[in-house]
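Heads up: the structure comes next, in structure tokens.
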Amino acid sequence: MKEMDVLRKNLYESRYTVALCCSGMLAEVGRPSMRKQSRDYEIEKKYGHSSEEMFSAACFSTRPEKFFEFYKAEVLPTENMHPGKSYECLRILEERNLIQLIITNNACNYYSKVGCKNVLPLHGDIENNVCINCGKTFNAEYMAKSKGVPCCDVCGKLIRPKVVMFGEMVDNRMMTRAINEIAKADLLLVIGSDLGSPFAGRYVKYFDGRELILINQEESCKDRVADLVIRRPIKDVLCELVETCWANRE
């Protein structure tokens with residue numbers, strides 16, 4: 001049986017499917033992971049510090065000017081960055097009740113922007129920014145358009161992005177929910193990461209369902225625990241899946 005036939009068959013038969021969407025999804029819109037060696041090298045060359053140093057709670061607290069210079073340029077989406085076909089396909093699969101939950105470490109929450117309803121953003125959301133003094137909230141556009149350090153338009157104090165920075169822990173309640181959702185799934189789709197990555201490895205170990213399917217081009221020796229590995233571009237796989245699954249189901 002061909003790999004796409006196996007993928008469709010498992011989607012049809014699963015009562016509860018979770019998609020664990022990783023940094024490979026962002027790479028498709030032109031923003032590869034900061035953990036990727038080539039991008040981290042570019043960042044260190046540009047700023048004189050590694051991505052872990054620049055995008056950290058310590059940098060935010062002690063050097064907010066430097067932090068926001070980095071944050072606006074390297075974390076917030078640029079005007080020409082828009083959700084691609086992969087995100088649209090996930091929304092369609094969710095609408096057709098073939099995916100019940102999306103768990104992601106992407107703070108640029110393109111899933112909600114395209115209309116996905118059931119999304120658990122473990123590393124926060126760039127649209128959620130809070131004044132450290134009065135608690136007023138601001139969206140990503142406000143942050144991007146602020147000159148220098150973004151400050152509250154009510155009390156003038158610093159605004160903090162509610163995203164998980166390097167060195168910080170994921171909110172315990174969200175982590176517990178992610179673990180519970182993965183543990184009860186029949187089918188787990190890991191999209192955009194090899195199973196050797198810290199993020200995927202942290203959560204995949206709680207999966208005890210029927211099928212673990214990986215969609216990712218890069219390889220890791222730990223990928224062998226997957227029941228099926230599809231090494232093609234994410235967009236190609238998801239678009240083909242959307243184009244064919246409904247017709248086959250009918």
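Okay, here's what the table says:
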{"item": "Subset of region 217-235 [polar (S, T, N, Q) and farther than 18 Å from Gly30 by Cβ]", "result": "Ser220"}
{"item": "Helices (runs of 4 or more DSSP H) within region 133-250 that include 3 or more residues free of Cβ contacts under 8 Å to residues at least 60 places away in the same chain and either among the charged types (D, E, K, R) or surrounded by 13 or more Cβ atoms within 10 Å (Cβ to Cβ) (or both)", "result": "140-145, 172-184"}
{"item": "Of all residues in region 63-79 being free of Cβ contacts under 8 Å to residues at least 60 places away in the same chain and assigned to a loop (DSSP other than H, G, I, E, B), the one that is surrounded by the fewest Cβ atoms within 10 Å (Cβ to Cβ)", "result": "Glu79"}
{"item": "Pairs with Cβ under 8 Å, 6+ apart, first in region 99-116 and closer than 12 Å to Ile191 by Cβ, second of a type in the set (Gly, Ala, Ser) and assigned to a helix (DSSP H, G or I)", "result": "Ile103/Ala178"}
{"item": "Counted residues, region 128-150 - those being farther than 21 Å from Glu74 by Cβ and among the polar types (S, T, N, Q)", "result": "2"}
{"item": "Count of residues meeting criterion [hydrophobic (A, V, I, L, M, F, W, C) and not in a helix (DSSP H, G or I)] in region 80-105", "result": "6"}
{"item": "Qualifying residues in region 107-125 (those that are touching a Phe, Trp or Tyr at 6+ places or on another chain (Cβ under 9 Å) and assigned to a strand (DSSP E or B)) - the one surrounded by the fewest Cβ atoms within 10 Å (Cβ to Cβ)", "result": "Val119"}
{"item": "Selected residue (criterion: modelled with the lowest pLDDT) from residues of region 13-55 that are closer than 19 Å to Ala178 by Cβ and of a type in the set (A, V, I, L, M, F, W, C)", "result": "Leu26"}
{"item": "Test: Glu74 is within 18 Å of the chain's Cα centre (by Cα) and modelled with pLDDT of 95 or more", "result": "no"}
{"item": "Every residue from region 33-54 that is in a helix (DSSP H, G or I) and surrounded by fewer than 16 Cβ atoms within 10 Å (Cβ to Cβ)", "result": "Gln37, Ser38, Tyr41, Glu42, Glu44, Lys45, Lys46"}
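The values are calculated or read from the model by the stated rules, or taken from the named source; none is laboratory data. Owing to the predicted nature of the structure, the values given are computational and were not obtained by experimental measurement. Here the Cβ is made from the backbone with ideal geometry for all residues, glycine too, and neighbour counts use every protein chain on show.
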